[in-house]
Protein chains: 2
Amino acid sequence: MKSTKFVLTEKEMPTSWYNVLADLPEPLPPLLHPGTQEPTILPPPLFPAALNEQEFSQQRYIEIPEEVQDIYKMYRPTHLHRAYRLEKALGTPAKIFYKYEGTSAAGSHKLNTAVAQAYYNKKEGVKRLTTETGAGQWGSALALGCRLFDLECQVYMVKVSYYQKPYRRILMETWGANIVPSPSPDTNIGRTILSQNSDSPGSLGIAISEAVEDAFNRDDTKYSLGSVLNHVLLHQTIVGQEAKKQMERADAYPDIIVGCIGGGSNFAGVFLPFIPDKLKGKKIRIIAVEPEACPSVTRGPYTWDYGDVAGMAPIVKMYTLGHTFIPPKIHAGGLRYHGMAPIICHLHRLGLVEAKAVHQVPVFKSAVEFARAEGIVPAPEPAHAIKVVFDEALACKESGESKTILLALSGHGHFDLQAYDEYLTGKLEDYEYPKEMVEEALSHLPKVMAEMK
Amino acid sequence: MKSTKFVLTEKEMPTSWYNVLADLPEPLPPLLHPGTQEPTILPPPLFPAALNEQEFSQQRYIEIPEEVQDIYKMYRPTHLHRAYRLEKALGTPAKIFYKYEGTSAAGSHKLNTAVAQAYYNKKEGVKRLTTETGAGQWGSALALGCRLFDLECQVYMVKVSYYQKPYRRILMETWGANIVPSPSPDTNIGRTILSQNSDSPGSLGIAISEAVEDAFNRDDTKYSLGSVLNHVLLHQTIVGQEAKKQMERADAYPDIIVGCIGGGSNFAGVFLPFIPDKLKGKKIRIIAVEPEACPSVTRGPYTWDYGDVAGMAPIVKMYTLGHTFIPPKIHAGGLRYHGMAPIICHLHRLGLVEAKAVHQVPVFKSAVEFARAEGIVPAPEPAHAIKVVFDEALACKESGESKTILLALSGHGHFDLQAYDEYLTGKLEDYEYPKEMVEEALSHLPKVMAEMK
């Protein structure tokens with residue numbers, strides 16, 4: 001009988017992360033210090049030495065510590081699924097596979113790096129981690145990661161989400177994290193904003209600033225970021241390495257790999273382990289999908305910009321819509337970042353990764369069809385990738401080609417059902433590309449831009 | 001390195017359900033017709049012939065149809081986990097294993113029978129299934145089961161839950177089911193109740209009556225039940241058969257099996273495949289856990305009672321608190337049934353299964369400790385079983401014995417986080433055994449009781 005899932009045992013789980021920096025045809029541009037504009041490392045008061053080393057390592061494979069592997073084994077390897085029912089529903093000759101990360105307790109791929117970051121911080125004597133969260137997916141993962149290594153976890157949660165998404169907050173609290181609505185009276189930046197507007201709904205930018213300030217001010221505390229940086233993408237490569245083994249077991253190889261990009265870590269985790277094959281001449285299309293409302297790679301310039309809104313983080317070379325840009329309130333909260341992981345931007349510049357932007361209404365239409373065929377209700381973020389998988393599968397139907405498509409399905413939508421309700425009742429709306437707001441934000445790029453061109 | 005999970009491939013998935021009726025030392029008492037009080041089958045207008053046959057079959061193994069196996073493979077075999085971190089947290093020499101059913105798209109074991117029931121109905125030409133749901137776990141599973149076999153699904157959802165648990169409703173709607181708040185104006189019983197009280201919050205009893213009336217009135221429609229009946233327990237035995245294989249792989253055998261019981265299908269699914277060993281003299285304690293607020297097996301008489309509130313369903317011999325008993329509103333909605341699966345009651349009478357009742361505050365205390373050790377946030381129902389696993393593991397700590405405990409972890413609590421919030425903020429309360437309400441309800445047992453003693 002045909003196989004629906006490709007299952008790996010714990011013994012088959014990869015024991016190293018794959019570091020693409022070792023294989024890049026051209027080196028990645030440096031990080032610049034936000035003050036001096038000189039090449040810099042990650043701020044040591046915020047990040048442990050081991051993660052700083054990984055951020056710039058040129059070693060092709062980096063061993064996953066045994067303690068991290070032990071935690072990974074609580075939910076990994078995850079399954080690779082063949083979407084037979086979806087193929088039939090679409091009437092396509094394409095073969096569709098999906099690698100699903102929603103079965104971990106945190107419900108998404110984010111746990112892969114949360115566990116690793118908690119481990120390295122613990123090892124260097126850190127007692128407490130801070131972070132920010134909007135919709136709550138990253139905050140949940142770090143809350144669990146910290147719990148598993150007995151670290152305190154302080155999450156600054158955008159105030160409007162704190163009140164609108166109580167389930168995400170409760171999940172983090174169940175794992176023992178301390179959740180504060182941001183802006184909070186606990187930091188200088190929070191107090192300043194509250195003194196200007198005591199009803200401020202908060203923003204991810206403010207929450208980042210609070211989490212960073214908190215970590216700077218306490219010796220026992222460091223800061224943790226859930227995407228964008230090289231070491232975060234590195235930790236996610238366990239996903240793609242598993243998928244590669246599982247595709248082999250399915251006697252298949254992807255012609256097309258599709259994933260969504262917000263900060264870029266989920267998709268990079270899936271496709272990076274295929275990059276060496278592509279560099280050796282293997283024909284694989286790697287399609288990164290972003291929202292029309294926040295289309296950094298498809299519409300933004302490739303330039304130097306701050307990683308955060310307040311301009312406290314290093315300056316990085318990336319596709320950006322401007323660090324002061326606040327994207328429209330699409331449901332895919334994880335895709336509302338102004339920039340993009342430098343590694344993904346660099347690979348796009350090198351012609352190894354392509355990008356597409358899609359609107360949320362057709363995204364949810366595809367997500368509902370996916371759920372009705374495959375059961376799984378996807379999170380709004382990977383639903384963006386599903387839309388493009390549908391497009392490619394229907395193109396195969398047109399052309400008669402039987403291409404093999406691999407979808408990065410990063411997590412479930414159990415805490416995002418309000419968005420499904422809006423779609424099902426016809427209330428969901430699209431947001432056009434906010435051209436003028438982006439132009440305004442791009443006028444605030446750091447001045448280093450001119451010098452570095 | 002030690003194994004944390006015991007993984008089966010699709011090829012290792014059991015291909016038959018195990019039917020304990022073939023092995024019972026004494027036969028199960030018959031079902032009685034609610035009108036004639038004569039032994040009866042399940043009402044044919046409500047149930048397809050194949051399920052009626054399974055209800056009374058004496059065949060030890062019943063083959064799982066290939067179409068059902070194909071759907072099972074979308075999420076099965078599920079993993080058996082060794083709870084190393086929990087053992088360490090409890091400081092117990094006990095070995096704790098748990099079989100986790102929360103990774104299916106529906107989030108619980110309920111999908112195992114929903115898929116089977118949808119298949120047999122479809123095969124006999126049924127176009128539409130009706131059911132009732134309270135908290136929504138069973139409704140979700142049937143919504144997905146119906147979608148996978150292209151059946152319409154009509155769910156009568158207790159009105160108070162319909163408005164208080166919108167996520168469960170949206171999940172069912174995402175899979176294409178039609179959800180109606182009950183009491184509804186669509187049935188005679190619904191209209192009658194609404195004419196008496198247009199603000200009626202509804203009850204599971206009313207919702208059952210509406211679903212049954214709907215199915216009786218339409219030739220293309222049958223009714224579907226998510227627990228209690230023999231065929232439902234049968235479909236769940238795939239869980240225990242997998243667990244048995246996985247325990248073998250772990251080189252272990254359970255001294256104690258613990259699960260929660262509401263209608264009884266989840267726990268029966270896990271322990272029934274171990275009954276033949278126990279009948280052959282193997283020493284296994286099988287502990288069924290129920291809430292103190294609805295303790296049918298620990299406090300109810302073993303007698304004849306209706307399966308439903310309206311007295312339209314067959315009369316069955318079981319432990320019951322009276323079919324008119326409405327239990328206090330504990331968070332474990334799935335454990336609020338007045339009776340219990342006849343198979344479980346019979347095995348309890350025969351001394352093969354024991355029962356314990358627990359309060360919800362210590363239940364949630366255990367559930368939070370479990371989540372902090374193992375990551376998974378359990379549904380309130382299996383959290384009851386977790387409490388007793390803790391008790392047994394701590395007894396081992398006391399005695400120094402290294403017993404092997406198998407926990408039936410039937411699903412996740414993603415849609416039950418409000419209950420966790422109440423626990424974490426000290427607002428959760430216990431309900432004492434409602435003795436007087438039970439005594440009142442027991443005065444309404446059907447009169448057959450006397451004759452059949």
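The values are calculated or read from the model by the stated rules, or taken from the named source; none is laboratory data. Every value quoted in this text rests on a predicted model; they were computed, and no experiment measured them. In this analysis, Cβ positions are derived from the backbone assuming ideal geometry, glycine residues included, and neighbour counts consider all displayed protein chains. Quick note on the areas: whole protein, heavy atoms, side chains included, nothing else; ligands and nucleic acids left out. Shrake-Rupley method; radii C 1.70, N 1.55, O 1.52, S 1.80 Å.
Going through segment B:179-227 one residue at a time, which ones are among the charged types (D, E, K, R) and either touching a residue at least 12 places away in the same chain (Cβ under 8 Å) or over 16 Å from B:Pro48 (Cβ atoms) (or both)?
Passing the criteria: B:Asp186, B:Arg191, B:Asp199, B:Glu210, B:Glu213, B:Asp214, B:Arg218, B:Asp220, B:Lys222.
Would it be correct to say that B:Gly134 is at pLDDT below 95 and small (Gly, Ala, Ser)?
On the way: at pLDDT below 95: yes; small (Gly, Ala, Ser): yes.
Yes.
Just for segment A:57-69: of the residues that are part of a helix (DSSP H, G or I) and surrounded by fewer than 19 Cβ atoms within 10 Å (Cβ to Cβ), which one is nearest to the other protein chains (Cβ to nearest Cβ)? Give the steps one after another, and end with the answer.
Restricting attention to segment A:57-69, the residues satisfying the condition of being part of a helix (DSSP H, G or I) are A:66-69.
Next, only the ones that are surrounded by fewer than 19 Cβ atoms within 10 Å (Cβ to Cβ) stay: A:66-67.
Numbers: A:Glu66: 7, A:Glu67: 11 Å.
Top of the filtered list is A:Glu66.
Hey, could you check segment A:1-16 for residues that are touching a Phe, Trp or Tyr at 6+ places or on another chain (Cβ under 7 Å) and either more than 20 Å from A:Ile96 (Cβ to Cβ) or part of a helix (DSSP H, G or I) (or both) and say which is farthest from the other protein chains (Cβ to nearest Cβ)?
A:Ser16
Being outside any strand (DSSP E or B) and among the β-branched types (Val, Ile, Thr) is the filter here, so list the residues in segment A:268-319 that pass it. Outline the logic, then answer.
Narrowing segment A:268-319 to residues outside any strand (DSSP E or B): A:268-284, A:292-301, A:307-314.
Of everything in segment A:268-319, those that are outside any strand (DSSP E or B) and among the β-branched types (Val, Ile, Thr) turn out to be A:Val270, A:Ile275, A:Ile284, A:Val297, A:Thr298, A:Val309.
Please go through segment B:409-448 and pick out each residue that is aromatic (Phe, Trp, Tyr), part of a helix (DSSP H, G or I) and open to solvent by less than 20 Å² (accessible area, probe 1.4 Å).
Residues of segment B:409-448 that are aromatic (Phe, Trp, Tyr), as a first pass: B:415, B:420, B:423, B:431, B:433.
Next, only the ones that are part of a helix (DSSP H, G or I) stay: B:420, B:423.
Correct list: B:Tyr420 only.
State yes or no: is B:Arg76 assigned to a helix (DSSP H, G or I) and either open to solvent by less than 20 Å² (accessible area, probe 1.4 Å) or out of contact with any Pro (no Cβ under 7 Å at 6 or more places or on another chain) (or both)? Walk me through it before giving the result.
Numbers: assigned to a helix (DSSP H, G or I): no; either open to solvent by less than 20 Å² (accessible area, probe 1.4 Å) or out of contact with any Pro (no Cβ under 7 Å at 6 or more places or on another chain) (or both): yes.
Against the criterion (assigned to a helix (DSSP H, G or I) and either open to solvent by less than 20 Å² (accessible area, probe 1.4 Å) or out of contact with any Pro (no Cβ under 7 Å at 6 or more places or on another chain) (or both)), B:Arg76 does not qualify.
Which of the numbered conditions does B:Pro362 fail, given that it passes all the others? Conditions: (1) buried (at least 24 other Cβ atoms within 10 Å of the Cβ); (2) over 19 Å from the mean Cα position of the chain (by Cα); (3) without any contact (Cβ under 8 Å) to a residue 40 or more places away in the chain.
It is condition (1) that B:Pro362 fails.
Which condition does B:Lys453 not pass, out of (1) farther than 30 Å from B:Gln37 by Cβ; (2) at pLDDT below 95, if it passes all the others?
Looking at each condition in turn, B:Lys453 falls short on (1).
Applying the selection to segment B:80-101, what residues are touching a helix residue (DSSP H, G or I) at 6+ places or on another chain (Cβ under 9 Å) and either at the interface with another protein chain (Cβ under 9 Å from one of its Cβ atoms) or of a type in the set (Lys, Arg) (or both)?
Selection gives B:His81, B:Tyr84, B:Arg85, B:Lys88, B:Lys95, B:Lys99.
Go through segment B:142-160 and give me each residue that's assigned to a helix (DSSP H, G or I) and over 18 Å from B:Phe47 (Cα atoms). Steps first, answer last, please.
Taking segment B:142-160 as the starting set, the residues that turn out to be assigned to a helix (DSSP H, G or I) are B:142-148, B:159-160.
Selection gives B:Leu144, B:Arg147, B:Leu148, B:Lys159, B:Val160.
For residues that are away from chain A (no Cβ under 14 Å), in contact with a Phe, Trp or Tyr (Cβ under 6 Å, 6 or more places away or on another chain) and hydrophobic (A, V, I, L, M, F, W, C), tally how many sit in segment B:151-189.
Our first condition is that a residue be away from chain A (no Cβ under 14 Å); within segment B:151-189, this holds for B:154-161, B:180-189.
Cutting the leftovers down to in contact with a Phe, Trp or Tyr (Cβ under 6 Å, 6 or more places away or on another chain) gives us B:180-182.
Retained after the next criterion (residues that are hydrophobic (A, V, I, L, M, F, W, C)): B:180.
Residues that pass the stated criteria total 1.
I'd like to verify a number: residues in segment B:86-101 that are open to solvent by less than 10 Å² (accessible area, probe 1.4 Å) and assigned to a strand (DSSP E or B), how many? Break it down into steps so the answer makes sense when it comes.
Within segment B:86-101, the first condition is being open to solvent by less than 10 Å² (accessible area, probe 1.4 Å), and the residues that meet it are B:86, B:94, B:96-99, B:101.
So of that shortlist, the ones also assigned to a strand (DSSP E or B) come out as B:96-99.
Within segment B:86-101, residues that are open to solvent by less than 10 Å² (accessible area, probe 1.4 Å) and assigned to a strand (DSSP E or B) number 4.
Just name the residue that is most open to solvent (accessible area, probe 1.4 Å) out of those in segment B:102-117 that are closer than 23 Å to A:Tyr84 by Cβ and within 12 Å of chain A (Cβ to nearest Cβ).
B:Thr103
Could you go through segment B:182-189 and let me know if any residue there is hydrophobic (A, V, I, L, M, F, W, C), closer than 18 Å to B:Thr113 by Cβ and open to solvent by 10 Å² or more (accessible area, probe 1.4 Å). First the steps, then the outcome.
First pass over segment B:182-189, keeping only residues hydrophobic (A, V, I, L, M, F, W, C): B:189.
Checking the rest, the ones that are also closer than 18 Å to B:Thr113 by Cβ come to none.
No, segment B:182-189 has no match at all.
Can you tell me which residues in segment A:372-389 are within 22 Å of the chain's Cα centre (by Cα) and either open to solvent by 10 Å² or more (accessible area, probe 1.4 Å) or within 14 Å of another protein chain (Cβ to nearest Cβ) (or both)? Quick ask: steps written out before the conclusion?
The initial filter retains those residues of segment A:372-389 that are within 22 Å of the chain's Cα centre (by Cα), namely A:376-389.
The answer is A:Ile376, A:Val377, A:Pro378, A:Ala379, A:Pro380, A:Glu381, A:Ala383, A:Ile386, A:Lys387.
Is it the case that A:Gly139 is modelled with pLDDT of 95 or more and under 25 Å from A:Lys5 (Cβ atoms)? I'd like the intermediate steps shown before the answer.
Numbers: modelled with pLDDT of 95 or more: yes; under 25 Å from A:Lys5 (Cβ atoms): no.
So A:Gly139 does not fit the description; no.
Could you check segment B:263-296 and list, in sequence order, the residues that are among the β-branched types (Val, Ile, Thr) and in contact (Cβ under 8 Å) with a residue 60 or more places away in the chain?
Residues of segment B:263-296 that are among the β-branched types (Val, Ile, Thr), as a first pass: B:270, B:275, B:284, B:286-287, B:289.
Once the filter is applied, which keeps residues that are among the β-branched types (Val, Ile, Thr) and in contact (Cβ under 8 Å) with a residue 60 or more places away in the chain, segment B:263-296 yields B:Val270, B:Ile275, B:Ile286, B:Ile287, B:Val289.
Which of the following residues is in a loop (DSSP other than H, G, I, E, B) and under 30 Å from A:Ala310 (Cα atoms): A:Gln54, A:Gln37? Give the derivation first.
Details: A:Gln54 fails: in a loop (DSSP other than H, G, I, E, B).
Every option except A:Gln37 fails the conditions.
So, in segment A:347-359, exactly how many residues are within 22 Å of A:Asn230 (Cα to Cα) and open to solvent by 40 Å² or more (accessible area, probe 1.4 Å)? Can you show your working first?
If we filter segment A:347-359 for residues that are within 22 Å of A:Asn230 (Cα to Cα), which is where we start, we get A:347-355.
Now drop any that are not open to solvent by 40 Å² or more (accessible area, probe 1.4 Å), which leaves A:348-351, A:354.
Number satisfying all stated conditions: 5.
With respect to A:Thr36, determine if the residue is out of contact with any helix residue (DSSP H, G or I) (no Cβ under 6 Å at 6 or more places or on another chain) and more than 21 Å from A:Tyr302 (Cβ to Cβ). Before the answer, list the steps.
Values: out of contact with any helix residue (DSSP H, G or I) (no Cβ under 6 Å at 6 or more places or on another chain): yes; more than 21 Å from A:Tyr302 (Cβ to Cβ): yes.
Criteria met by A:Thr36.
Would you please name the residue that is farthest from the other protein chains (Cβ to nearest Cβ), looking only at residues in segment B:129-147 that are within 25 Å of B:Trp17 (Cα to Cα) and open to solvent by 10 Å² or more (accessible area, probe 1.4 Å)? Reasoning before the result, please.
To start, the set of residues in segment B:129-147 that are within 25 Å of B:Trp17 (Cα to Cα) comprises B:129-131, B:137-147.
Those still in the list that are open to solvent by 10 Å² or more (accessible area, probe 1.4 Å) too: B:137-138, B:147.
Working: B:Gln137: 13, B:Trp138: 16, B:Arg147: 5 Å.
Applying the filter and picking the extreme gives B:Trp138.
Would you mind finding the one in A:Gln236, A:Gln241 that is open to solvent by less than 10 Å² (accessible area, probe 1.4 Å) and at pLDDT 95 or above? Don't jump to the end; show me each part of the working.
Working: A:Gln241 fails: open to solvent by less than 10 Å² (accessible area, probe 1.4 Å).
Going through A:Gln236, A:Gln241 in turn, just one is open to solvent by less than 10 Å² (accessible area, probe 1.4 Å) and at pLDDT 95 or above: A:Gln236.
Need the failing condition index for B:Arg168 against (1) among the basic types (Lys, Arg); (2) touching a Lys or Arg at 6+ places or on another chain (Cβ under 8 Å); (3) open to solvent by less than 30 Å² (accessible area, probe 1.4 Å), just the number.
Checking B:Arg168 against (1) among the basic types (Lys, Arg); (2) touching a Lys or Arg at 6+ places or on another chain (Cβ under 8 Å); (3) open to solvent by less than 30 Å² (accessible area, probe 1.4 Å), the one that fails is (2).
Going by the conditions given, is A:Gly339 open to solvent by 10 Å² or more (accessible area, probe 1.4 Å), under 18 Å from the mean Cα position of the chain (by Cα) and closer than 20 Å to A:Thr133 by Cα? Lay out the reasoning, then the answer.
Numbers: open to solvent by 10 Å² or more (accessible area, probe 1.4 Å): no; under 18 Å from the mean Cα position of the chain (by Cα): yes; closer than 20 Å to A:Thr133 by Cα: yes.
So A:Gly339 does not fit the description; no.
Would you say B:Ala211 is within 14 Å of chain A (Cβ to nearest Cβ), part of a helix (DSSP H, G or I) and within 27 Å of B:Leu233 (Cα to Cα)? Can you show your working first?
Numbers: within 14 Å of chain A (Cβ to nearest Cβ): no; part of a helix (DSSP H, G or I): yes; within 27 Å of B:Leu233 (Cα to Cα): yes.
So B:Ala211 does not fit the description; no.
Among A:Pro48, A:Pro34, which is the only one that is closer than 18 Å to A:Val228 by Cα, open to solvent by 20 Å² or more (accessible area, probe 1.4 Å), more than 9 Å from chain B (Cβ to nearest Cβ) and not β-branched (Val, Ile, Thr)?
Details: A:Pro48 fails: open to solvent by 20 Å² or more (accessible area, probe 1.4 Å).
Residue meeting the stated conditions: A:Pro34.
When you check A:Gly259 against the structure, is it in contact (Cβ under 8 Å) with a residue 60 or more places away in the chain and crowded, with 19+ Cβ neighbours inside 10 Å, yes or no? It would help to see each step written out before you state the result.
Values: in contact (Cβ under 8 Å) with a residue 60 or more places away in the chain: yes; crowded, with 19+ Cβ neighbours inside 10 Å: yes.
Judged against the criteria, A:Gly259 is a match.
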